[in-house]
């Protein structure tokens, strides 16, 4: 899948999953204090809020109120995925697939996308590659 298609799928998945406030945790944040919002997300993530970890990953991935940092995005997506976030697994899989912020690994990407599907993320199920066909016999 092309890089543009993956980014479009990512944006659609984020919007479908958490709506237009995808990059905020716990409701609206003060517009005049994005550093406070980032700090709160970091505290929430450290306290085990996997949605906050996912949202931090999305912020670093897209440079929303922070400098774009794909390695940092991968770290937060990994935390979210390991904590049970299907969206975190899906986006981490996309990073492996594209080689953004981490070495490209299609096998690992497929595993993570399947994990996201198994976790109930419908867009991930649409992205899961079909298992290889066995020769008739």
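A compact table of results
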item	result
Boolean, residue 49 is touching a residue at least 40 places away in the same chain (Cβ under 8 Å) and under 15 Å from the mean Cα position of the chain (by Cα)	no
Single residue of 12, 23 found to be touching a helix residue (DSSP H, G or I) at 6+ places or on another chain (Cβ under 7 Å), assigned to a helix (DSSP H, G or I) and modelled with pLDDT under 95	12
Which numbered condition residue 126 fails, given (1) at pLDDT 95 or above; (2) surrounded by fewer than 18 Cβ atoms within 10 Å (Cβ to Cβ)	(1)
Hits in region 82-133 (condition: part of a helix (DSSP H, G or I), under 24 Å from residue 68 (Cα atoms) and without any contact (Cβ under 8 Å) to a residue 12 or more places away in the chain)	82, 106
Total residues in region 67-81, condition farther than 14 Å from residue 41 by Cβ and part of a helix (DSSP H, G or I)	5
Criterion violated by residue 41 - all others in (1) within 25 Å of residue 118 (Cα to Cα); (2) surrounded by 24 or more Cβ atoms within 10 Å (Cβ to Cβ) satisfied	(1)
Filter result for the condition that a residue is modelled with pLDDT under 95 and surrounded by fewer than 19 Cβ atoms within 10 Å (Cβ to Cβ), over 69, 36	36
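The values are calculated or read from the model by the stated rules, or taken from the named source; none is laboratory data. Note that this is a predicted model, so its numbers are computed, not measured. Counting neighbours? That spans all protein chains shown, and the Cβs are built from the backbone with ideal geometry, glycine included.
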